[in-house]
There are 2 protein chains.
Amino acid sequence: MSKTSAQRMEDRPAGVKRRDAEARILTAAEEVFAEAGYSGATTAAIADRAGLPKANLHYYFRTKEALYRRLIERILEEWLASGDQIRPEADPAEAFSTYIAAKIEASRRRPFASKVFANEILHGAPHSGDFLKIQVRAWVEAKGKVIDGWVKRGLIRPIEPHHLFFILWAATQTYADFETQIRAVLARKRIRPADYEEAARLITRMVLGACGVDRKVRKS
Amino acid sequence: MSKTSAQRMEDRPAGVKRRDAEARILTAAEEVFAEAGYSGATTAAIADRAGLPKANLHYYFRTKEALYRRLIERILEEWLASGDQIRPEADPAEAFSTYIAAKIEASRRRPFASKVFANEILHGAPHSGDFLKIQVRAWVEAKGKVIDGWVKRGLIRPIEPHHLFFILWAATQTYADFETQIRAVLARKRIRPADYEEAARLITRMVLGACGVDRKVRKS
DNA sequence: GCGAAAATTGACCATTTGGTCAAATTCCTG
DNA sequence: CAGGAATTTGACCAAATGGTCAATTTTCGC
């Protein structure tokens, strides 16, 4: 019978209760992994923050590794989806502005997710098999082609898409990942909405400038 | 007697043997902490990589925490020193180019140091007391004044120094911290010198563009 | 309302790991 | 070269932690 329940556990079509518990655990895990890293995070701490006993957590996620993996998958999904604006038929300046704004907004709204993701890559993605690297690479190849297309059509100056994205990710995600440092430098308890806007504006200015698209950024 | 040796241990004027052992341990620690984070790093692994028994490591550094702290101090020192080119009397374009080149070079030459630093900040600098935050803040205040001066003298367009630095750090350090991702996207076993140069060139282009100093970047 | 599946939970265990210690060895100075 | 200081190291320990389990309770379709 333990085999039966184990079987169920792997399948996704789960009851509402399970969905609910898993969601609570994943949210708690996101915070704890963000704050303490993979090794520093304890299943006890995650369970505590999710408001259930450790044994119960292990009922829903058999191992810390499995829980972590699910979390990474969820974060990667959103990460990949954030670039939907970058399409061949889009206006480059518009697309970049929107993408940057979305990334900054993601840093503001879900800093823990960004931190978990950053932590995973920082240490060589040891828990993600190759799927993380493969998907990110595929994403960049696709978006890179779009940008190359813009260049060929003379919409933007020639630019190396790979490095453009590296810099773009770094610049936007830093407001989540290194939020401690940013708060210290700005002497703030919390980073303010105005700060995020300022950041988005400056990054956009830099990117559009580098692309030779010096359109004035509209108020947004 | 153990008090005597303990006393000695805290003092810095140490024998050459001690200096040597500490250096070997710190180098090993930099690698291990970079790869595994603070909690994931074990003193046994560090000792192994340094080529000595764990007990011997604990003779030189009483606790993992103490070892880590020394490491952070060492890294911060270099980090702070890297902006020496940013002085009031310097040419802005020259100063930024040089700073960016230096930061990229640091990412290339000592990626582990960058990763340890990044990891520490990522998790809220829990092992650095406040000294890290305080020193970084002071550094930015000083350099920010320099940049404001350039703006006042009309040498560069108005720009917010804090955010400029956040972006600059992020863009340059990402080549060390997220080297795994970069290698995956570029489909390389190792990031090549040409890649670092390309990165420096693009970052410089973006920064100088944002500053309205569109000097052609000289071959360096 | 019954019975089976799902969920809950306290107690428990094996492993890992930071750190200690005492004994032995090497080093250095007078 | 004597003797004390510095260094080395294997053995050991206590605490933390991921994970298990069996017993109990809750849920839910019929």
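Computed from the coordinates by the stated procedures, all read-outs in this text should not be read as laboratory data. Nothing here was measured: the structure is a model prediction, and the numbers come from that model. Glycine also receives a Cβ, built like all others from the backbone with ideal geometry; neighbour counts cover every protein chain displayed.
Here are the numbers:
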{"item": "Test: residue in segment A:152-163 that is facing chain B (nearest Cβ under 10 Å), surrounded by 15 or more Cβ atoms within 10 Å (Cβ to Cβ) and not in a helix (DSSP H, G or I)", "result": "yes"}
{"item": "Condition broken by B:Gly129, with the remaining ones in (1) within 14 Å of another protein chain (Cβ to nearest Cβ); (2) assigned to a helix (DSSP H, G or I); (3) within 23 Å of A:Asn119 (Cβ to Cβ) satisfied", "result": "(2)"}
{"item": "Hits in segment A:33-80 - residues which are of a type in the set (Val, Ile, Thr) and within 11 Å of DNA strand D (Cβ to nearest atom)", "result": "A:Thr42, A:Thr43, A:Ile46, A:Thr63"}
{"item": "Test result for B:Phe112, closer than 21 Å to B:Leu208 by Cα and part of a helix (DSSP H, G or I)", "result": "no"}
{"item": "Hits in segment A:51-68 (condition: crowded, with 17+ Cβ neighbours inside 10 Å, without any contact (Cβ under 8 Å) to a residue 40 or more places away in the chain and assigned to a helix (DSSP H, G or I))", "result": "A:Leu57, A:Lys64"}
{"item": "Of all residues making up segment B:28-45, the number that are exposed (fewer than 15 other Cβ atoms within 10 Å of the Cβ) and of a type outside the set (Gly, Ala, Ser)", "result": "1"}
{"item": "Of all residues making up segment B:113-141, the number that are buried (at least 21 other Cβ atoms within 10 Å of the Cβ) and acidic (Asp, Glu)", "result": "1"}
{"item": "Scan of segment A:50-76 for residues that are over 22 Å from the mean Cα position of the chain (by Cα) and of a type outside the set (A, V, I, L, M, F, W, C), ordered by number", "result": "A:Gly51, A:Pro53, A:Lys54, A:Asn56, A:His58, A:Tyr59, A:Tyr60, A:Arg62, A:Thr63"}
{"item": "Residue within segment B:31-50 that is away from DNA strand C (no atom under 16 Å from the Cβ) and in a helix (DSSP H, G or I) present", "result": "no"}
{"item": "Residue tally, condition within 13 Å of the chain's Cα centre (by Cα), more than 12 Å from B:Arg183 (Cβ to Cβ) and not aromatic (Phe, Trp, Tyr), over segment A:115-134", "result": "6"}
{"item": "In segment A:173-199, residue surrounded by the most Cβ atoms within 10 Å (Cβ to Cβ) [restricted to those that are closer than 22 Å to A:Ala36 by Cα, more than 8 Å from chain B (Cβ to nearest Cβ) and in contact (Cβ under 8 Å) with a residue 24 or more places away in the chain]", "result": "A:Ala176"}
